[in-house]
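Taking it in order: structure first as structure tokens, then the write-up.
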Amino acid sequence: MIQGKNIYFRAIEESDFEFIVKARNLEDVNKYFYEHEPLSIRMQKNWYENYLKNTSHDKLFVICDNDHNPIGTVGIYHIDWRSRKAEWGRLFLVGDIRGKGYGSELEKLVYDYVFNHLNLNKLYCEVFTDNEKVVNMHLKFGNIIEGTFKQHVYRFGEYKDVVRMCILRDTYYEFSKKGIYEL
């Protein structure tokens, strides 16, 4: 378990499938994912069975509040142990969480886990360019924009641009010294 002040991450369990499917099928969640087809419990179970075969390169966590209620998921995947880099995403938060700082705490916990526990050097992600809230939060916490993929994903009848962002270990430690990541 990865513990913060108001939230924690834990391993995904089969008992989480119903929560994940219900949340991933919400329009407010689904619109930020590349996949657009509705999920079923069976599809989630198949995905989970494949995931269990590759846990050395992919990590998926359920995010819970301190009352042990699941409120989201986050994944660290495509872990490249040789080059010490990984991608993160598969992230969503649901429920009455707005304005409680869970997003900031989540980002700080992920960075701490990636740079201090996994000992990686680079963490990157892809975000739709029109998801300005997430892009700005990543920038606030030390990410840089590596580039923009033009018309990268077809969603809602149009091609959407995606920005690729990353944070390096040195930047994480530099920001840590300034107290940016204190929980």
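The values are calculated or read from the model by the stated rules, or taken from the named source; none is laboratory data. On a predicted model such as this, the values are computed, not experimentally measured, just so you know. As a convention, Cβ positions derive from the backbone with ideal geometry for all residues, glycine included, and neighbour counts pool all protein chains shown.
To keep it simple, each residue is scored yes or no on (1) charged (D, E, K, R); (2) buried (at least 17 other Cβ atoms within 10 Å of the Cβ); (3) touching a Cys at 6+ places or on another chain (Cβ under 8 Å); (4) within 23 Å of M1 (Cα to Cα).
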| site | (1), (2), (3), (4) |
| --- | --- |
| E107 | yes, yes, no, yes |
| L120 | no, yes, no, yes |
| Y124 | no, yes, yes, yes |
| N136 | no, no, no, no |
| K140 | yes, no, no, no |
| Y159 | no, no, no, no |
| V162 | no, yes, no, no |
| Y172 | no, yes, no, yes |
| E182 | yes, no, no, yes |
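Go through the range 76-103 and report how many residues are under 23 Å from N121 (Cβ atoms) and either at pLDDT below 95 or surrounded by fewer than 17 Cβ atoms within 10 Å (Cβ to Cβ) (or both).
Of the residues in the range 76-103, the ones under 23 Å from N121 (Cβ atoms) are 76-91.
The next check asks that each one be either at pLDDT below 95 or surrounded by fewer than 17 Cβ atoms within 10 Å (Cβ to Cβ) (or both); those that pass are 77-78, 80-84, 89-91.
Total meeting the criteria: 10.
If you check R169 against the conditions, is it basic (K, R) and touching a helix residue (DSSP H, G or I) at 6+ places or on another chain (Cβ under 7 Å)? Spell out the reasoning first.
Details: basic (K, R): yes; touching a helix residue (DSSP H, G or I) at 6+ places or on another chain (Cβ under 7 Å): yes.
The answer is yes for R169.
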Which of the residues spanning the range 49-75 are modelled with pLDDT under 90 and surrounded by 13 or more Cβ atoms within 10 Å (Cβ to Cβ)?
Y51
List every residue pair whose Cβ atoms lie under 8 Å apart, where the two residues are 6 or more positions apart in sequence or sit on different chains, the first residue falls within the range 5-31 and is part of a strand (DSSP E or B), and the second residue, located anywhere, is of a type in the set (S, T, N, Q) and surrounded by fewer than 13 Cβ atoms within 10 Å (Cβ to Cβ).
I7/N66; Y8/N66
For the range 24-32, indicate whether the set of residues that are of a type in the set (S, T, N, Q) and either in contact with a helix residue (DSSP H, G or I) (Cβ under 7 Å, 6 or more places away or on another chain) or surrounded by 13 or more Cβ atoms within 10 Å (Cβ to Cβ) (or both) is non-empty.
yes
Cβ-Cβ below 8 Å, separation at least six or inter-chain, first residue in the range 96-125 and farther than 14 Å from G72 by Cβ and touching a residue at least 24 places away in the same chain (Cβ under 8 Å), second assigned to a loop (DSSP other than H, G, I, E, B) and small (G, A, S): which pairs?
K108/G4; N121/S83; K122/S83
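May I ask you to list the residues in the range 125-152 that are among the β-branched types (V, I, T) and over 16 Å from F175 (Cα atoms)?
The first filter runs over the range 125-152 and keeps only residues among the β-branched types (V, I, T), leaving 127, 129, 134-135, 144-145, 148.
Within the range 125-152, V127, T129, V134, V135, I145, T148 qualify.
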Please work out if V127 is under 14 Å from the mean Cα position of the chain (by Cα), outside any helix (DSSP H, G or I) and either under 18 Å from K31 (Cα atoms) or of a type in the set (S, T, N, Q) (or both).
yes
